[in-house]
Amino acid sequence: MEITNVRQTQTNVLILEDDESQLKTLTAILEEEGFPVLACNRATEAIDALAQGNVATAVVDLCVPDLSTRGLLEALTQWSDRIPVIVHTAFASYESARDALNRGAFAYVEKAGNPEELIRHVHRAFQSRLRHYAEELERAVDTRTRELRNANAALRRSEERYKALASELTVAEERLRRDVATEIHDEISQILAMVKAHCQALRETASDESLQGALTSIVGPLDGALGALRALTTRLTYPALDILGLSKAVETWLHDEVKVRHGIETIFEDDMEDKPLSDDVRAVLFRGVRELLTNTVKHAHATRVAVSMTRAQGRIAVVVEDNGIGFDPEEVMANSRRFGILSVRQSLEQLGGSILIESHRQAGARITLLGPLKAEGCLKGRLHEDLDRG
């Protein structure tokens, strides 16, 4: 049931009475009691008013000219479960009263009786209608609350599935970058380098000047292609990462791309503890450091940036800290695509890591990337430490 429908409360008292003087008298009595009245002298008119849904209770004479008593009772039956119907008739009998009450009438009142009895039943009918309305409203609220709770649970499940899928995609992207870069370096670049070497060798031994010129014209574009491939490989992944490891790759990139290229003072520290990492974790951490340093160069207006790497409690912590203008962490996470760390965070979480951002306006920034160590590597590291202590 819609809550908005329940809220459409009805306050009118419907009077069905074919006797005009009785109709006016009843109308005056009920209006004096403060009830708004819908006065009808025909059954069809009263039934239409009930169908419009603006009636709180009905006072009905069973003897009307346009419908039989039985027909009127049958017509009122469909409304009696929602609208209290008070039968008010001069032809009182045990049979007619029983028939009306069996069909759901709220009360049976004789016209010759005390008007106070009718007023009392109207008040009771209104109280019953209000209780019914309150129960309907409570049921509607409960239903809506359950629907919202279920919708929120479904939304949370969808968000979790989306995050898991996004994390899996970013990790898969990292692997694909690595595979493509390896293919370019090991296959395409090597083939082009061999072609270039052969062309240079032929040029040195060729006696025909036109052939030498042709070979020279080939070597030039080959140099350009090799340079473009090296640049593409670097964009896809950092070659030094696989060769030198995470620590040396970060230190090298920090020096070359931040200090040398942009003139920013850099500090690199490593506790030199054993930090065995899977290929995925190593690649994601390096990409995260590179993204953070790029953001520092572009946005922080920093004069100094420091990167430290430590091992603690089975994890590696990579901290990037600068003395720049700082930022609002909530704004960054709400608009993390702009700062380029959304995929890094998702990838770290997928791999069992996390990211911690600490920053304030005009107070620099400190961002920590946490990644899990390889379990077997940790055991080996502890074994070596025990042997060293022994």
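The values are calculated or read from the model by the stated rules, or taken from the named source; none is laboratory data. Note that the structure is a prediction, hence the values are computed from the model and not measured. With ideal geometry, Cβ positions are generated from the backbone for all residues, glycine too; neighbour counts draw on all protein chains shown.
Laid out as a table, the results:
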{"item": "Segment 243-266 residues that are free of Cβ contacts under 8 Å to residues at least 12 places away in the same chain, paired with ones that are among the small types (Gly, Ala, Ser) (beta carbon under 9 Å, 6 or more apart)", "result": "243/249; 248/240"}
{"item": "Residues satisfying the stated conditions in segment 353-363, i.e. among the small types (Gly, Ala, Ser) and touching a Lys or Arg at 6+ places or on another chain (Cβ under 9 Å)", "result": "353, 354, 359"}
{"item": "Subset of segment 88-114 [more than 24 Å from residue 29 (Cα to Cα) and either among the charged types (D, E, K, R) or in contact (Cβ under 8 Å) with a residue 60 or more places away in the chain (or both)]", "result": "95, 98, 99, 103"}
{"item": "Unique residue being in a helix (DSSP H, G or I) and touching a residue at least 40 places away in the same chain (Cβ under 8 Å) when the list is 155, 137, 130, 148", "result": "137"}
{"item": "Every residue from segment 115-138 that is over 22 Å from residue 26 (Cα atoms) and surrounded by 13 or more Cβ atoms within 10 Å (Cβ to Cβ)", "result": "132, 133, 136, 137"}
{"item": "Strands (runs of 3 or more DSSP E) fully within segment 248-327 counting 3 or more residues that are within 16 Å of residue 359 (Cβ to Cβ) and modelled with pLDDT of 90 or more", "result": "304-312, 315-322"}
{"item": "Pair list, Cβ under 7 Å, 6 or more apart: segment 304-317 residue closer than 18 Å to residue 294 by Cα and touching a residue at least 24 places away in the same chain (Cβ under 8 Å), other residue aromatic (Phe, Trp, Tyr) and buried (at least 16 other Cβ atoms within 10 Å of the Cβ)", "result": "307/268"}
{"item": "Segments classed as strands (runs of 3 or more DSSP E), wholly inside segment 23-118, with at least 1 members that are of a type in the set (S, T, N, Q)", "result": "55-60, 85-89"}
{"item": "Any hit, segment 234-246, residues being more than 21 Å from residue 372 (Cβ to Cβ) and at pLDDT 90 or above", "result": "no"}
{"item": "Unmet criterion (only one of (1) surrounded by 12 or more Cβ atoms within 10 Å (Cβ to Cβ); (2) outside the structural domain of residue 69 (by TED's automatic domain parsing); (3) modelled with pLDDT of 85 or more; (4) among the small types (Gly, Ala, Ser)) for residue 151", "result": "(1)"}
{"item": "Residue list for segment 151-200, restricted to those being over 17 Å from residue 281 (Cβ atoms) and among the hydroxyl-bearing types (Ser, Thr, Tyr)", "result": "158, 162, 182, 189"}
{"item": "Residue 174 vs. criteria of a type in the set (D, E, K, R), in the same structural domain as residue 287 (by TED's automatic domain parsing) and surrounded by 15 or more Cβ atoms within 10 Å (Cβ to Cβ)", "result": "no"}
{"item": "Positions within segment 38-87 being small (Gly, Ala, Ser), surrounded by 21 or more Cβ atoms within 10 Å (Cβ to Cβ) and in contact (Cβ under 8 Å) with a residue 40 or more places away in the chain, in sequence order", "result": "56, 58"}
{"item": "Residue list for segment 28-42, filter: more than 16 Å from residue 123 (Cα to Cα) and out of contact with any Ser or Thr (no Cβ under 9 Å at 6 or more places or on another chain)", "result": "38, 40, 41, 42"}
{"item": "Candidate set: segment 287-303, residues that are in contact (Cβ under 8 Å) with a residue 24 or more places away in the chain and among the basic types (Lys, Arg); chosen: the one surrounded by the fewest Cβ atoms within 10 Å (Cβ to Cβ)", "result": "290"}
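Here's the yes/no breakdown for (1) closer than 22 Å to residue 348 by Cβ; (2) out of contact with any Ser or Thr (no Cβ under 7 Å at 6 or more places or on another chain):
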site	(1), (2)
249	yes, yes
255	no, no
268	yes, yes
280	yes, yes
293	yes, yes
299	yes, yes
303	no, yes
